Each structure stands twice: as C-alpha cells, then as structure tokens.
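The structure appears right after this line, and notes come after that.
Every number in this text was worked out from the coordinates using simple rules, so none of it is lab data. Please read all numbers here as calculations on a predicted model, not as lab measurements. So basically every Cβ, Gly included, is an ideal-geometry build from the backbone, and we count neighbours across all protein chains shown.
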Amino acid sequence: MAQTKQSGNFDADRSLMRIAMKAPMLEKEHELDLARRWRDDKDNDALAELTQSYLRLVISVAGRFRNYGLPMADLIQEGTVGLMEAAARFEPEREIRFSTYATWWIRSAMLDYILRNWSIVRAGTTAAHKTLFFNLRRVRAKIAGEYDKPMSLDSRQDVADHLGVRLRDVEVMEARLSSADRSLNMMVGEEGDTQWQDFLPCEAPLPDAVVTSQRDSEVRSSLIKEAMNSLTEREVIIISERQLTEESVTLSALGERLGISKERVRQIEAQALTKLRQALTRRVGDPVAAGLTEASAV
C-alpha cells in the first residue's frame, strides 16, 4: 500500500512538472500586462496564465531544498502559495521582471514550511537559529571540511564568527541537526523489550513522600487547632485573620472591627503568638505522643 502511494505521488509530481514545462515563457510586456489585469480588474484568466508560466520557477526553487527530507510535492505546493502572494503584491510600475520579485516570495514560503515541518520540535525560533538551520552544514563543510563529525570548539567559534551568531546557538543547532526525531515508544536495541520512554525521569514525588507529607500536614493542623484553645476569643480572631488566611487583614481594619487601636492589635497578636509557641513546644516535646515523624519534628 505504501509503495503504491509513493508511486502515485511520484507520478503526480512528474505530471505537474510536464505541465509546468509546457507553459510558454512570457515576454516582459505581456507579463506586465497580465499583472495589471489581475491587479486592476481581478482577471482570473490573467492570474492563471501568469502563475502557470512561472510554475517552473517554483519547481526549480523546490529542488534546492529537497535534501531536507520533505516531500517535493509539499514544497511545490507551499512555493505556489508564495507565487500567488507575489502576484497579489507585484507592482508592474517598477518595471522589473515578475520572476525576480516572485523568487523571494516562493523561497520565503518554502523556508517557513521547512522550519515548521522538518521536526516536531520547532527548529528556528530566533533569527540566529534560522540562519544556522539553513547555513550550518554549508559553513561547517567550508570551515571544518566535514559534515557528519562533531565540530571542535575552535570550529564552532569560527562558524559563529562567520555567521555572526553566538557560540551557544551554534552548539544548540549542531545538536538539533545531528539527530532526527525519535518516538518514545521505540524499542532500545533490535531485540530489546525496553522503550525509550522508560528512561524518562519522573519528577513527581514518591508515594511514600506524598503519604508522609499528607500525614505531617494533618498532624500540624491538629496541633495548631489544639494550641488555639489556649487563646482568648479576641486572640483567636486576631490570629485567624492575621496568620491563618491567604490575605492577611490589616491592623487598622482589625482595630476598627474590635474597637481598639491598631497598636493594641499588634500587641495582642504578639502575645498570642508567644502563647501558641509555648503550647506547641510543650505538645511537641514528645514526638511519638504527638504523632509526628522525625522529619516533621525537625
């Protein structure tokens, strides 16, 4: 089935190329006339003739990027989108050939497609990364004289200087380009029974740590609740509003609520905290009786 599909795609590509090559070359004046008719009158026949005549240009540019492992048909399709964009933006008054203007849009559309689809992880997120993605192999071969071996530190620095990027960007892109996407479900080794995902570290806490943390939290809450029994009603209100809520109530607001000054609220809070500390110290003096683990007691 896969072979049949590949054969069908190949035949479609060949058919498209034959159609493109049969389209006549346009004279400059006729080309400009077609561009004006499309821009001014939205003449679809003029657009069709203009784009079909330069479909060979799309195929030619696509051929330059076939080594990135993406289907030729997809590159041509993206290039055709760029060609249509060029037709929409072309200004005949500048008296330049449409092919000169369209080449930039065709190439831009293909480069963007390659960056988006070469890997499931975006290869280029900055201008430096894009420059390295499309030029690293060529510059590395020119400087280091090899494609498939890791570069030395001096070679990386030479590449960075040549392309005007950081050494760190060169190191990151070299690592990206030297390895292809790999499924986490692939087996390790030809006859192994272990998948690559089995080597991924789990950052979640261990079950015993979760249970211990939950138990210690419950014990601490119980101790605080018990210690609060040693406070007066006003002290309980102040400690609850100032210490046991996510958004602490201000001293002024509590003072107005209780009919006392904010300085008096601060004094009562300090006294209540001292009483709580003393009550907790007495209770936790026997960790076993308190039900605390060694880690919690510390």
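A few comments on the model shown:
- With θ taken as phi - 60° and the Karplus curve 6.51 cos²θ - 1.76 cosθ + 1.60 applied, the whole-hertz 3J(HN,Hα) list for the stretch 270-277 is 4, 5, 5, 5, 5, 5, 5, 4 Hz, x standing for glycine and proline.
- The stretch 207-297, dipole about Cα centre (Lys/Arg Cβ +1, Asp/Glu Cβ -1), debye to the nearest 20: 380 debye
- By the count of neighbouring beta-carbon atoms within 10 Å, fewest first, Lys262, Lys28 end up ordered Lys28, Lys262.
- Residue-wise HN-Hα couplings along the stretch 157-172, as the Karplus relation 6.51 cos²θ - 1.76 cosθ + 1.60 with θ = phi - 60° gives them from phi, are 5, 5, 5, 4, 5, 5, 9, x, 10, 7, 4, 4, 5, 5, 5, 5 Hz; Gly and Pro carry x.
- log₁₀ of I(q)/I(0) at q = 0.30 Å⁻¹ - the stretch 29-81, Debye sum with one point per alpha carbon: -1.05
- Each principal axis of the Cα cloud of the stretch 1-118 was taken in turn, and the coordinate range along them, longest first, works out to 49, 28, 21 Å.
- Exposure proxy ranking, count of Cβ atoms within 10 Å, fewest first, for Met187, Met151, Met25: Met25, Met187, Met151
- This ranking places Trp104, Trp38 by how few other beta-carbon atoms lie within 10 Å of each, fewest first, which gives Trp104, Trp38.
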